[in-house]
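The values are calculated or read from the model by the stated rules, or taken from the named source; none is laboratory data. Bear in mind the structure is a predicted one, so any value in this text is a computation, not a measurement. FYI the Cβ positions are ideal-geometry reconstructions off the backbone, even for glycines, and counts take in every protein chain you see.
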Amino acid sequence: MKNSMSKISAVLIAKDASDTLARTLESVTWCDQIIVVIDSRTTDTTEKIAREFTNDVYVQEWLGYGKQKNFAISKANNEWILSLDADEVVSSELATEIQAAIVDSKFDGYSIRFETYIGDRLLKYGGLQNDWHVRVFRKSQGSFGGVVHEVVAVGKEGKLKNVMRHYSYRDFSDLMDKVKEYSRLEAEIFVKQGNELTLKERLRPLLRFVNVYFRKQGYKDGWIGLHHACYLGYYVWNRNQEIKKSS
């Protein structure tokens with residue numbers, strides 16, 4: 001029988017995630033509780049799919065990435081949280097490792113290495129070979145901050161050996177949609193903070209491409225690595241265009 005201090009709640013937020021949600025939820029059925037918070041703007045069958053796996057489903061007006069995740073965490077009944085997105089999959093090896101790690105743990109949270117996919121193609125380079133995120137943490141010690149690229153802050157942090165599979169984009173069209181959405185949000189933050197487009201910021205799209213494709217060896221992923229680097233450069237370029245519109 002599990003000690004109450006080693007029980008874990010899987011927590012995720014979702015919007016129009018019918019293509020990926022079932023695979024994600026199937027990978028966390030070993031958890032003691034599954035919580036799904038659905039953006040009220042969702043128009044597909046996300047809610048129906050979620051209810052096939054859990055009764056802890058909440059339809060919530062969008063609060064922003066960090067706040068939406070914190071709302072989901074607030075619904076958890078257990079000491080430990082496994083936070084994931086609706087396009088992420090916990091490998092069976094990672095599931096076993098998490099369950100062992102949280103028993104009498106000396107840590108407040110654990111960082112997990114991510115594998116990123118476009119479709120079913122794994123990106124191994126371009127900075128993604130060292131992509132770590134805290135996703136397992138004590139409810140009492142962790143909370144999300146950030147509007148776009150939300151991060152969780154914890155106290156004493158450990159690292160797990162096995163990977164989280166992140167099916168980030170269905171294809172390049174999906175990647176472009178997300179690039180436009182996130183760059184627009186980042187532009188809003190940039191303007192609200194009173195920042196200005198310096199020469200360095202104007203050069204950043206090119207610098208981002210060079211960094212991802214050459215310095216971080218994105219070229220080793222072949223044509224898909226080239227496309228990925230181009231899209232990340234475009235991300236910054238589009239952010240700058242949105243900033244100019246607001247200035």
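Only one entry in 84, 122 is under 14 Å from residue 14 (Cβ atoms), in a strand (DSSP E or B) and of a type outside the set (D, E, K, R), namely 84. Selection of region 194-240 for residues being in a loop (DSSP other than H, G, I, E, B), crowded, with 18+ Cβ neighbours inside 10 Å and aliphatic (A, V, I, L, M) yields an empty set.
Remark: residue 167 matches the filter, which requires a residue to be under 12 Å from the mean Cα position of the chain (by Cα) and either in the same structural domain as residue 63 (by TED's automatic domain parsing) or surrounded by 15 or more Cβ atoms within 10 Å (Cβ to Cβ) (or both). Out of all the residues in region 92-106, is one or more farther than 19 Å from residue 162 by Cα, crowded, with 16+ Cβ neighbours inside 10 Å and polar (S, T, N, Q)? No, region 92-106 has no match at all. Candidates in region 46-79 are the residues that are surrounded by 15 or more Cβ atoms within 10 Å (Cβ to Cβ), more than 16 Å from the chain's Cα centre (by Cα) and hydroxyl-bearing (Ser, Thr, Tyr); of these, the one that is nearest to residue 141 (Cα to Cα) is 58.
Residue-wise test of (1) among the aromatic types (Phe, Trp, Tyr); (2) over 14 Å from residue 71 (Cα atoms).
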{"residue": "13", "(1), (2)": "no, no"}
{"residue": "17", "(1), (2)": "no, yes"}
{"residue": "26", "(1), (2)": "no, yes"}
{"residue": "30", "(1), (2)": "yes, yes"}
{"residue": "36", "(1), (2)": "no, no"}
{"residue": "46", "(1), (2)": "no, yes"}
{"residue": "51", "(1), (2)": "no, yes"}
{"residue": "54", "(1), (2)": "no, yes"}
{"residue": "60", "(1), (2)": "no, no"}
